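Readers should treat all values here as calculations from the given coordinates under stated rules, not as data from a laboratory. What you are looking at is a predicted structure, and each value in this text was computed from that prediction instead of being measured. Note that we place each Cβ from the backbone using ideal geometry, even for glycine, and neighbour counts take in every protein chain shown.
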Amino acid sequence: METKLIKIESKKDFNKLTEAAEALADGALVAFPTETVYGLGANALNENAVSEIFKAKGRPSDNPLIVHIFDIGQVEMLAEEIKPCAKALMEKFWPGPLTVIVKRKECVPDCVTAGLDTVAIRMPSNEVAIKLLKLSGVPVAAPSANTSGKPSPTKASHVYSDLNGKIPYIIDGGASKVGLESTVIDTTEDEPKILRPGGITKKQIEEVIGSVLYDPALSDPSKTPKAPGMKYKHYAPKAELTVILGEKATEEAQKLCKVSMEENIKTGVICCENEEIFADFIIKCGNSAEKYAAGLFAALREMDDLGAERIYAVLPFDGDGIETAIRNRIFKAAAGRIVRC
Ligand code: TXA
Ligand code: MG
């Protein structure tokens, strides 16, 4: 199949979205930008279209999808029950990087929810995404637009390298601003619970609905995560990644890079703007946690493209805002290789 790339540089280009939006409503897959990561969309009410998503990504069928909407009124069509806390979160953080899980209505196909009696819903803030959703007129089921197991795509070129030839349309709307996937919050139990940390922090949520918990599985690997997708090894680059934390992280990274290069291993380092570490490849991700989050997945992919065999990522941020999401993703990618110093 030929993949059509549609570049949107400004609102003037929005008319270029019509063809893809109509195809999306009719059952075709369309990859599109959001403020978190690129999504791979299908008409959420069309079972055949949704099943194509799983094929294109190689995604396990027990992993449910997020339904993307452009108007808060669409929630009623999908949700059996909207608790006051869910409504408050939608009103405060939509459009934006928050996914809210609610009890689902019968009309939501089982392949979207992986047979669960709940559905995850999000209204993205990216203008291209909203325009595409509006033009299609349908709720759009969309996981991140990567091949399963790879880092989520934050640029159209990432989607292209994973899915070229497998899907008919990729919309290029530039780099994703947040760079990590949305926060997922479950509102269907007695107490709301964060199943995946992301762009909206626990503190921001608590300012609206009072205290919330993290899914205990986020910090205890022996527990089963409530979000099925959180149990998979994710976001992994081909190279062996080690995360280095703590006050002496830069010095330690320099030592480890030296040893690694002496062993003739192609070694890359991911760090902040103001650091100088000698390695075969160095990718700098800015000086704030927000910039680090925005650049992390692209950096992991770029290291693979450069041919790095080993990556050391210096992570100097230890806060509990977006840092929680950075740690969640990067620790998974490192599969336990974490050095604290
Ligand atoms: O930022 C994002 O959320 C991006 C953009 C494209 O919107 N999407 C995304 O989708 O990250 P995906 O499929 O890669 O991750 C969705 C996560 C998975 O961990 C999935 O298991 C969980 O949400 N999830 C979806 N529906 C659920 C449900 N009904 N109950 C529990 N977890 C659910
Ligand atoms: Mg994903």
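Protection proxy ranking for 30-39, 105-114, using the average of other Cβ atoms within 10 Å per residue and placing the highest first: 30-39, 105-114. Amide H to amide H distances under 5 Å link residue 3 with 165, where only residues 5 or more positions off or on other chains count and H is placed in the peptide plane. In order along the range 48-64, the phi-based Karplus estimate (6.51 cos²θ - 1.76 cosθ + 1.60, θ = phi - 60°) of 3J(HN,Hα) comes to 5, 4, 5, 5, 5, 4, 5, 5, 4, 8, x, 8, x, 6, 8, 10, x Hz; Gly and Pro are listed as x.
Taking the alpha-carbon centroid of each part, what is the distance from the range 174-188 to the range 108-159 in angstrom? Answer, in whole Å: 11.
Using the rule -39500 (n - 2.57) for each DSSP H run of four or more residues, divided by the residues of the chain, the 222 nm mean residue ellipticity is -9000 deg cm²/dmol.
Backbone phi angles across the range 203-214, fed through the Karplus curve with coefficients 6.51, -1.76 and 1.60 (θ = phi - 60°), yield HN-Hα couplings of 4, 4, 5, 5, 5, 9, 10, x, 5, 10, 9, 8 Hz in residue order; Gly and Pro are listed as x. Entry note, the chain: relative contact order of 19 percent, from Cα contacts under 8 Å with a spacing of 6+ residues. Scanning residues 5 or more positions from residue 126 or on other chains, those with amide H under 5 Å from its amide H are 35, with H placed 1.01 Å from N in the peptide plane.
Can you give the Rg to Rh ratio for the chain, taking only C-alpha atoms and Rh from Kirkwood? Here Rg/Rh amounts to 0.97. The phi torsions of the range 86-98, fed into the Karplus equation with coefficients 6.51, -1.76 and 1.60 and a -60° offset, translate into couplings of 5, 4, 4, 5, 4, 5, 7, 9, 9, x, x, x, 10 Hz, rounded to whole numbers, with Gly and Pro shown as x. For the pair residue 7 and residue 251, the difference between a 0.36 nm per residue extended length and the Cα-Cα distance amounts to 83.6 nm. Computed from label points 7 Å out along Cα-Cβ, the spacing between residue 332 and residue 219 is 1.9 nm.
The label point for residue 14 and the one for residue 341, both projected 7 Å from the Cα toward the Cβ, are 5.2 nm apart.
Under 5 Å from the amide H of residue 213 lie the amide H atoms of 194, each residue being 5 or more positions distant or on a separate chain, with H modelled from the backbone and absent for Pro and chain starts.
Extending 7 Å from Cα along the Cβ direction at residue 206 and again at residue 175 yields two label points whose distance is 3.2 nm. Once the Cα-Cα distance is subtracted from the 0.36 nm per residue extended length, the residue 309 to residue 83 segment shows a gain of 76.5 nm.
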